[in-house]
């Protein structure tokens, strides 16, 4: 289904009913409202104004629209900050971050928790049984604008409490933190401060624990709101809208608090913000790289345990990236269908109408400020008609379930934090490494599930672990139990849970599956590459290289020019001790997935991607050249050949990539 984000408080009330009718004509069934409306709900302390929101919900519900109502805690009003200035977050520089935009709160402030609980309870008591409301969105984009980590007095006090619960006594903390180094031993928990503002680097485990603590604060805050909503509004789902390429909290932990995961998809904005090569940015500037959106679709499908939405779909140029181009014609339609193909229950566009005022006035909507339909709005209307026709032709009210993909990719947020805290080289970006591995699989025409470490791996033909730095016992059990081909990447098993080098050297516990050890590592500067050659695997190491010492039957299947192993194998388990460049990664994936796991793979053009959902196969062309669909299937929508920026769908009848 399709949805849209709508802000009745921004528009004359005389427009609301016509807006609602126009949404229905476009094929929109769901509307998200209210997530930034605290100052209109409670314009003064203890003075609640429900009239406008009552009428807005009635108008939308009367039109047959299903409403997701947001809790307004992302934007506490000015009067609340004046009453409780201690809710403001504090930056790493020690300065209070003030009022004037949004997310100006600390997750550890007791006053903030109390006020949040009050407004959510009040909102849920008012609308918990409203017939138009089908779900709730908790807050909005946790952590946006670097607001997960705060370093004020409330944060430090809460951190000390968290440390007491984790370690029990300060002697244990000193031992596990290695505090004897540089005389950092603490005499009590009250002597421990936030790990910022020191002369030079603070101890890595203290920084990791502060990340863990801050992530737990986000989870607890969201859980508080979710519990209130479930108790006061039974039968409605609860969600939160996560972001792209955002790693400041553990989404697996935070996501457990919600019935549905949702995320905000801005493929062009993310292309500009993530550390891609400038040539890639230039080449895909008006379409985005073909795997940016799908990487997050598959991630949040995992976070939502199969249930997920796109809560905000980019409908045109945005306002917040370094450069903000207009998407090429067809891309809004393509992005919409791609999300549905990956399993989205709802694709919701941001927003119904472009605001002519305030910070986001340059952010496109489905309509321009003069109420005329935008280019993105026209494409959303096409998706609405195509979706209706597809469901009619299938004789069903929903697209089929996609089921389990043949390939799993394991992503661990603590490992991302470890690599960020101690990269050992400017080029080692662990999230980029995960993206590149995902991209390499998708270029072979295969579908991917993204999972947390320790998740059951039954039924997968191959499991990819790009860089799992600390391997916990539950993850080791899952790796040992699966019959899948296992491929591990650099730095896997290189740290303990206390951020130390394992006593047996890396890869630590992984040595029980693949007997070898890493004897030294090198971060490679830009332009420095080490050749890798093997019978089935070849290319170059860039950014990172390890020296591997195989033992007890582990065999080298590719070597560096100096003869040292680059990729080793023991039975069904492989390890690549390098950041693989494009050719090396492509050949490594083909060898692991096709030669060893027996999966059928395709040599897709750079801009072509496939996705299966039950018996349906979808194709997407991010490129500029037409692509002939193998087997010339009968299309349910789209064209063959598949044109530039086009999408197509057909029912499979035995065809698979080859």
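Below 8 Å between Cα atoms, with a sequence gap of 6+, how large is the relative contact order for segment 337-420 in percent?
17 percent
Rounded to the nearest 500, what is the chain's calculated 222 nm mean residue ellipticity when only DSSP H runs of at least 4 contribute -39500 (n - 2.57) each, over all residues?
Calculated from helices alone, the mean residue ellipticity at 222 nm is -9500 deg cm²/dmol.
Order of 162-174, 618-630 by packing, highest average Cβ count within 10 Å first?
So the order, starting with the most tightly packed, is 618-630, 162-174.
Roughly what would the spin-label model give for residue 122 and residue 146, points 7 Å off Cα along C-beta, in nm?
Reported label-point gap for residue 122 and residue 146 is 3.3 nm.
If you average over every viewing direction, what projected area does the convex hull of the Cα atoms of segment 407-596 give, in nm²?
In nm², the orientation-averaged hull projection of segment 407-596 is 9.4.
Simple spin-label model, 7 Å along Cα-to-Cβ: residue 357 to residue 24 in nm?
Placing both labels 7 Å beyond Cα along the Cβ direction yields 3.0 nm.
Contour minus end-to-end for residue 651 and residue 188, with contour as 0.36 nm per residue of separation and end-to-end as the Cα-Cα distance?
That works out to 160.2 nm of additional length.
State the extension gain, in nm to one decimal, for the chain segment bounded by residue 396 and residue 13, taking 0.36 nm per residue of separation less the distance between their alpha-carbons.
So the extension gain works out to 134.2 nm.
Rounded to the nearest 5, what % of the DSSP beta bridges within segment 407-596 are antiparallel ones?
The antiparallel fraction comes to roughly 60 percent.
FRET efficiency for residue 594 and residue 273, Cβ-Cβ distance as r, R0 = 51 Å, nearest 0.05?
0.90
Can you tell me how much longer the chain between residue 79 and residue 55 gets when fully stretched, taken as 0.36 nm per residue apart minus their C-alpha distance, in nm with one decimal?
Stretched fully, the residue 79-residue 55 segment lengthens by 6.1 nm.
Based on the Cβ-Cβ distance of residue 500 and residue 639, what FRET efficiency does E = 1/(1 + (r/R0)^6) give at R0 = 56 Å, to the nearest 0.05?
Efficiency, from the Cβ-Cβ distance: 0.45.
With the cut-off at 1.5 for a/c, could you classify the chain from its C-alpha gyration tensor as rounded, prolate or oblate?
oblate
What is the spin-label model distance, in nm, from residue 520 to residue 99 if the labels are put 7 Å beyond Cα along the C-beta direction?
Rounded to a tenth, the inter-label distance reads 5.9 nm.
What is the packing order of peptides 13-22, 122-131, 59-68, taking the mean over residues of other C-beta atoms within 10 Å and listing the highest first?
59-68, 122-131, 13-22
Report, for the chain, the % of DSSP beta bridges that are antiparallel, rounded to 5.
Bridges in the chain are about 50 percent antiparallel.
For segment 349-392, calculate the relative contact order in percent as a whole number, restricting contacts to Cα pairs under 8 Å that are 6 or more residues apart.
26 percent
Just for the Cα atoms in segment 608-651, what are the lengths along the principal axes, largest first, rounded to whole Å?
Projected onto the principal axes, the Cα atoms of segment 608-651 cover 28, 17, 15 Å.
Two-decimal Rg/Rh of segment 75-193 from alpha-carbon positions, Kirkwood Rh?
Rg/Rh for segment 75-193 comes to 1.10.
What relative contact order, as a whole-number percentage, does the chain give when Cα pairs under 8 Å and 6 or more residues apart are counted?
Taking the mean separation of contacting Cα pairs over the length of the chain, I get 10 percent.
What FRET efficiency would be calculated for the residue pair residue 533, residue 372, taking the C-beta separation as r and a Förster radius of 60 Å, to the nearest 0.05?
Plugging the Cβ-Cβ distance into 1/(1 + (r/R0)^6) gives 0.50.
Taken together, the values in this text are just the output of simple stated rules run on the coordinates, not laboratory data. The structure displayed is predicted, hence computed values, not measured ones. Every residue, glycine among them, receives a Cβ derived from its backbone with ideal geometry; neighbour counts consider all protein chains shown.
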